[in-house]
Amino acid sequence: MTTFANGASTREDLPAVCRRINSKLTAFLSKPPANDRLKSVQEQTRVSLYVIAKAIEVYGLDHIAISFNGGKDCLVLLVLLVAVLDEYYTWEESDKPIEAFSAARVYPKTPESVLLTAGDLPSISIPSSSSSSDKENENENTPPSSSSLLTNSNGGTPTRGGPSPIPPPRRMSTCSPHKIRTVYIHSTDPFAEVDDFVSESVETYHLNLLRYDEKNGMKHAFKVYLQQNPEVKTIFVGTRRTDPHGGSLNHFDMTDGGWPRFMRCHPVIDWCYGDVWGFLRELEIPYCVLYDLGYTSLGGTTDTHPNPALQRKAGYEEPLVSPRLEEATKERRKSLNLCFRPAYELDFEADSKERLGRDK
């Protein structure tokens, strides 16, 4: 949002947001890293941008959505998607055919060490609507697992199993070109701060967001979403390898185990906790205020608490000066601010301590 001297403001349209974010991201990637943490962030960012562009190359925007719940990981994912969309819009406005849009052409300077080869990718051709794995009697908590389908060297017909050859990319026609398809599966007892941040993100990033309660399970929520949006064939998810069920995932994994059939894309799967906060703070991306109050992993109000590893030492009296908390009026926030350090200060063995404030 742009604010003028007279106090009036106007909201940027999505292409403007994409251009602003991508410009900031490009500048970050072009400068020498000040330390090993920022070097890691740059390397992971390049991989993730390539993965997102690869998904858009294969599916086209008509068939893509993002899962967003206001957490730090999916926020990183959303920002990266917005940056790639700027490259897509720029390509679309040029004289180049949109069918020629590809990850390799958009990010030609991606180091070979981080490039995804076709042989490493599961088949990301559009899955068929029917699947023998779509069984209602499966455990609702069974996670999607890795797909063994591989593409051949030219990215075309799968070498074993799978649907028909990959179709060319399509323009975003069935949804407004200035909206991002988004599915929000929220806790049955959501934090007001999380809901507020999601609402802010809808406005900032132009999300075409549909809400679903997780009370019947994630599997059921995605099934309903895909029934209502049958054109969606792949969904970006902000899962990281240290998350529950994340250890064996790849950048692309077809669902199975009774889940509705779609390709899960995990662009930030190999990011660590420090990478996430290095990215958000370096690019000055606004995030949910709960992270400034000692929360490191967000669920619902009944199963999420400030991380004990961030508790301030006894006798600490100096108030934390934070512009993000100047408008926080609730006594709970003031109390937590004095008792817990912000999430980005969780450093030593952060990945193993990230979920210490979660009951599940």
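The values are calculated or read from the model by the stated rules, or taken from the named source; none is laboratory data. Small disclaimer: the values here were computed from a predicted structure and weren't measured. Cβ coordinates were reconstructed from backbone atoms using ideal geometry, including for glycine residues, and neighbour counts include every protein chain displayed.
Before moving on, here are some points about what is shown:
- Scanning the stretch 269-302 for residues that are in a loop (DSSP other than H, G, I, E, B), out of contact with any Asp or Glu (no Cβ under 7 Å at 6 or more places or on another chain) and among the hydrophobic types (A, V, I, L, M, F, W, C) returns I269, W271, L283, I285, L298.
- Of all residues in the stretch 207-250, those being exposed (fewer than 14 other Cβ atoms within 10 Å of the Cβ) and on the phi > 0 side of the Ramachandran plot number 1.
- Residue, modelled with the highest pLDDT, within the stretch 254-279, restricted to residues that are touching a Pro at 6+ places or on another chain (Cβ under 9 Å) and aliphatic (A, V, I, L, M): M263
- Residues (of a type in the set (G, A, S) and assigned to a helix (DSSP H, G or I)) located in the stretch 48-92: S48, A53, A55, A83
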